[in-house]
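This report concerns only the one structure given below.
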Amino acid sequence: MVTAVDRIAIAKSPSKIVSENLRAYLLKAMLLKYCTLFDCPPQIIYQLISAVAQNDPIPASCLPPDTKIALSKYKEGRYAKRVRSLMEYLENARDLVDIGCGNNRFGKAVIDANPLCRVIGTDVDSDTSFPLQKEPQLLFRFQSDPTKIELRSKSADLTTLFFVLHHIEYYRQNAILKEAYRILRPAGTLILFEDSYYKDTFNISQNSGLLSDFYDLSLKDRFTAYAVAEVLNKRALDGTRMHLVRIYPRPFEVWINMIKKCGFTVNQASINLPDEEKCITPIAIAIAKK
C-alpha cells in the first residue's frame, strides 16, 4: 500500500519509477490522442515518452509543423467546449473569478459566450495573461502568494479552479479553497476540476477502455502518470524544453472532504475521461455551493 509519505516521494522523483506497464499505458493514451487528433507520427510519441520517462529535456523542434498547428487549434477550441459543458452555471454569472487562470483563455471563452459576465483571472505568473488583456470584461490580478487572492469578500458569484490545486504544496491547498469560499457571495458556486489518480467510490461516469486501463495500473503507476502527463499533455507537445515537475494530487474523496470543511455544500461529484479531449488521466469534477 502506498502511504502519504510514499506519495510525496513519488511526486518528487517520478522518473525513477516509470514501469513498463505505465509506459505502455502512456503510449496507448498518447497514440490515441495525438495521432488521431493531430496526425502526429507515432515515432514522435515514442521519442517523447522515452525522453520524459528518463527525465530528459524535450527537443524544441520535436513536432512536425502541421501537428503544432493542429495542436494549437485544438487548445483554442477546448476552452469553448468547456464553457459549453458548464453553460448552466455560466449563463447567469456576472462576476467570475478563475483562480490559476494561466493565460486567461477560459475567461475569454466565457465572455464570448456571456458578454454580460466580468471575468477576473488570478495567477502567480504575472506574464501568462498579458496577451489577452484587450477585453474590458476580462481582467487579471497577480498573486504574489498563491494562497491569497486580493479581491473583496463576497465579490463573485462563481469561482473556478481548473487543475490548479495539484500544483500547490499539500499544506497550502486548503488555504486556496478557503479563499475561494471567502470571495464568493452567498449561494455562489465553486467549480473544481482535478486529476484523480485514485479509484474513488464516487461515480465513474464513463467506463471507457482507456479509463479502465488507467485503473488497472498499480496505485504507484497511477500517481506517477500525473507527473508524466504534466509534461506530455501540456508542455512537451508545444515544443517546450522542461523536465518533469512536482505535483501534489489527492484522492477525489479527499478533495471533496476539504471542500466541505471550508463550508461548501457539494452538489455534484463525478470522475470521467472525456472522449472529445482524449485525456491521459481521469478528471474529477465537483460542483459546490456556498
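The values are calculated or read from the model by the stated rules, or taken from the named source; none is laboratory data. The structure displayed is predicted, hence computed values, not measured ones. Methodologically, a virtual Cβ is constructed for each residue, glycine included, from the backbone with ideal geometry; neighbour enumeration extends over all protein chains shown.
Can you confirm whether segment 66-89 contains a residue that is in a strand (DSSP E or B), in contact with a helix residue (DSSP H, G or I) (Cβ under 7 Å, 6 or more places away or on another chain), of a type in the set (A, V, I, L, M) and at pLDDT 90 or above? No, segment 66-89 has no match at all.
If you filter segment 7-40 down to residues that are part of a loop (DSSP other than H, G, I, E, B) and under 15 Å from TYR74 (Cβ atoms), you find that the one that is modelled with the lowest pLDDT is ASP39. For segment 204-216, the criterion of being closer than 24 Å to VAL18 by Cα, modelled with pLDDT under 75 and among the aromatic types (Phe, Trp, Tyr) is met by none of the residues. Is at least one residue of segment 149-170 in a helix (DSSP H, G or I) and at pLDDT 90 or above? Yes, there is a match, as at least one residue in segment 149-170 is in a helix (DSSP H, G or I) and at pLDDT 90 or above. Within segment 240-282, the residues that satisfy the criterion of being farther than 21 Å from ALA80 by Cα, out of contact with any helix residue (DSSP H, G or I) (no Cβ under 6 Å at 6 or more places or on another chain) and at pLDDT below 80 are THR240, ARG241, MET242, HIS243.
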